[in-house]
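Colleague: Attaching a single structure in structure tokens format; questions to follow.
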Amino acid sequence: MTTKIAIIDDHQLFREGVKRILEFEKSFQVIAEGDDGGDAVKIVNAYDPDVVIMDINMPHVNGIEATRELVEKFPETKIIILSIHDDENYVTHALQTGAKGYLLKEMDADALIDAVRVVADGGCYLHPKVTHNLVNEYRKLTAGRSGGGTMVQTIEIRRPLHLLTRRECEVLQMLADGKSNRGIGEALFISEKTVKNHVSNILQKMNVNDRTQAVVVAIKNGWVEVR
Ligand SMILES: [Mg+2]
């Protein structure tokens with residue numbers, strides 16, 4: 001099955017680059033392009049893409065406003081933000097409007113293809129750096145909740161050894177730390193392919209669709225350190 005993709009970004013060269021990367025993947029087809037958030041509704045109406053890749057900074061209507069409008073009018077269309085901004089403010093806004101992915105323009109081509117695949121399949125995909133910022137934000141939000149005033153909250157980490165191997169626990173912790181597959185591989189002296197295998201085993205054992213969900217579940221259960 002073909003995944004139909006639209007790219008909305010105000011820089012033509014950038015759109016060209018993204019298009020070329022995506023079309024390496026046989027099952028992807030870039031069917032439309034736009035250079036402003038103001039064209040988003042028109043494009044989705046005319047071409048009915050499965051996935052829209054959306055910049056944030058554009059001259060007339062920004063990508064967050066455009067995402068909000070698209071989610072309202074076309075709830076089936078999945079939107080991935082692809083921006084240079086990694087601060088929580090942008091990320092939180094984008095996710096609140098209903099974007100299913102948040103990527104950074106500094107990412108590599110393989111990860112972009114992965115992200116589109118995950119989102120097209122109904123999952124969420126955040127750039128590792130973005131995950132890390134969100135985890136920090138979560139920590140700030142929950143720090144005051146124990147009612148301990150200025151007391152520092154100590155959380156006991158219970159590694160999920162009933163479910164995962166020791167190595168998988170390490171990888172899970174690194175996902176929460178916001179490391180990419182390459183970063184995890186370098187830290188553990190294993191290949192990126194081995195990291196990918198660990199990640200897919202973790203997702204399967206935890207019964208979640210994507211690495212973002214895995215991190216959320218792990219934090220909720222106190223399986224990882226939020227640092
Ligand atoms: Mg731009």
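The values are calculated or read from the model by the stated rules, or taken from the named source; none is laboratory data. Predicted model, so just to flag it, every value in this text is computed and none were measured. We place every Cβ from the backbone using ideal geometry, glycine too, and count neighbours over all the protein chains shown. For the accessible areas, the whole protein counts, side chains as well, though only heavy atoms, and no ligand, DNA or RNA atoms are used. Shrake-Rupley method; radii C 1.70, N 1.55, O 1.52, S 1.80 Å.
Colleague: When region 196-225 is examined, which residues are found to be among the hydrophobic types (A, V, I, L, M, F, W, C) and more than 18 Å from the chain's Cα centre (by Cα)?
Modeller: Kept after step one, since they are among the hydrophobic types (A, V, I, L, M, F, W, C), are these residues of region 196-225: 199, 202-203, 206, 208, 214-219, 223-224.
Listed by number, the residues that qualify are Met206, Trp223, Val224.
Colleague: Going residue by residue through region 208-219, is there one that turns out to be over 16 Å from Arg167 (Cα atoms), open to solvent by less than 30 Å² (accessible area, probe 1.4 Å) and not in a helix (DSSP H, G or I)?
Modeller: Among the residues of region 208-219, at least one is over 16 Å from Arg167 (Cα atoms), open to solvent by less than 30 Å² (accessible area, probe 1.4 Å) and not in a helix (DSSP H, G or I), which makes the answer yes.
Colleague: While we're on this one: Taking the residues in region 13-47 that are closer than 23 Å to Ala111 by Cα and of a type in the set (Phe, Trp, Tyr) as candidates, determine which candidate is surrounded by the fewest Cβ atoms within 10 Å (Cβ to Cβ).
Modeller: Selected residue: Phe24.
Colleague: Also, I was wondering about something else. Consider only pairs whose beta carbons are under 9 Å apart and that are at least six residues apart or on different chains; among these, list those whose first residue lies in region 6-19 and is within 10 Å of the ligand (Cβ to nearest atom) and whose second residue is modelled with pLDDT under 95 and polar (S, T, N, Q).
Modeller: That search, which allows pairs on different chains as well, returns Asp10/Asn57.
Colleague: Another question, then. Any residue at all in region 71-81 that is over 19 Å from Cys124 (Cβ atoms) and touching a residue at least 12 places away in the same chain (Cβ under 8 Å)?
Modeller: Scanning region 71-81, I find at least one residue that is over 19 Å from Cys124 (Cβ atoms) and touching a residue at least 12 places away in the same chain (Cβ under 8 Å), so the answer is yes.
Colleague: Looking at (1) open to solvent by less than 60 Å² (accessible area, probe 1.4 Å); (2) without any contact (Cβ under 8 Å) to a residue 40 or more places away in the chain; (3) within 24 Å of Asn136 (Cα to Cα), find the lone condition where Glu170 falls short.
Modeller: (1)
Colleague: Report, by residue number, each residue of region 20-42 that is out of contact with any helix residue (DSSP H, G or I) (no Cβ under 7 Å at 6 or more places or on another chain), within 16 Å of the ligand (Cβ to nearest atom) and in a helix (DSSP H, G or I).
Modeller: Gly38, Asp39, listed by residue number.
Colleague: Give me the pairs, please: first residue somewhere in region 181-201 and of a type in the set (D, E, K, R), second residue anywhere and buried (at least 16 other Cβ atoms within 10 Å of the Cβ) and part of a helix (DSSP H, G or I), beta-carbon distance under 7 Å, and either six or more positions apart or on two chains.
Modeller: Glu192/Asn181; Glu192/Gly185; Lys196/Asn181
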